[in-house]
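Taken together, the values in this text are just the output of simple stated rules run on the coordinates, not laboratory data. Here the structure is a predicted model, which means the values were calculated and not measured. Here the Cβ is made from the backbone with ideal geometry for all residues, glycine too, and neighbour counts use every protein chain on show.
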Amino acid sequence: MADIMIDIETLGTGPAACIITIAAQIFDPLRPSTEWDESASLYLRIDPESQPDRVIEQLTLDWWATQPKHIQDEAFGNHSDRVDLQTALTQLGKLIWHSKRFWANGPTFDANILEHAYKSYNMALPWQFWSVRDARTVYSLYPDLPKPPATHNALEDCRRQIIMLHSALEHLGIKTLT
């Protein structure tokens, strides 16, 4: 059973933040790779209008306004493939159920926001609380880890996080994970 890396982009920073993109990539944390199995990944643009009860924070909108135009267009452009949040959570859940560990950057952002979203639709969480892992803590154990900048394209950032996690685990000599 493989692991999954999750990344989301939002319009806020709290648990009820409006979600604009969700990405996930299945991977083996102990096997470095830069070739990605597209059938083991997910990238969804979410319709903000499908989230009337979720929070949009002005400070986050102001931050998005400072990003390069191509990043803003990816997040906010008029994309015809946007789905409602409940559909996105259903699709994401199908991928997560088959994963051993649920990785994200930080213990209090992606998982908390997604948990809040699942609960707001009375949907079962597709992960066990003990399977959540924090990639950023692992990175910190390798102070000289090369850290390319985030692109704020959720799937690109998932893959960037996987590459950094592999590098940190290899540097630390980690051969097994529990």
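Laid out as a table, the results:
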quantity	calculated
Residue count, region 49-75 (criterion: more than 20 Å from the chain's Cα centre (by Cα) and either within 23 Å of residue 120 (Cα to Cα) or of a type outside the set (Asp, Glu) (or both))	9
Of all residues in region 1-32 being of a type in the set (S, T, N, Q) and touching a strand residue (DSSP E or B) at 6+ places or on another chain (Cβ under 7 Å), the one that is surrounded by the fewest Cβ atoms within 10 Å (Cβ to Cβ)	21
Residue, surrounded by the fewest Cβ atoms within 10 Å (Cβ to Cβ), within region 95-113, restricted to residues that are touching a Pro at 6+ places or on another chain (Cβ under 9 Å) and within 20 Å of residue 47 (Cα to Cα)	112
Output for region 125-162, where each listed residue is in contact (Cβ under 8 Å) with a residue 12 or more places away in the chain and of a type in the set (A, V, I, L, M, F, W, C)	127, 132, 135, 138, 141, 145, 154, 155, 158, 162
Any hit, region 60-80, residues being touching a residue at least 12 places away in the same chain (Cβ under 8 Å), polar (S, T, N, Q), under 29 Å from residue 174 (Cα atoms) and surrounded by fewer than 16 Cβ atoms within 10 Å (Cβ to Cβ)	no
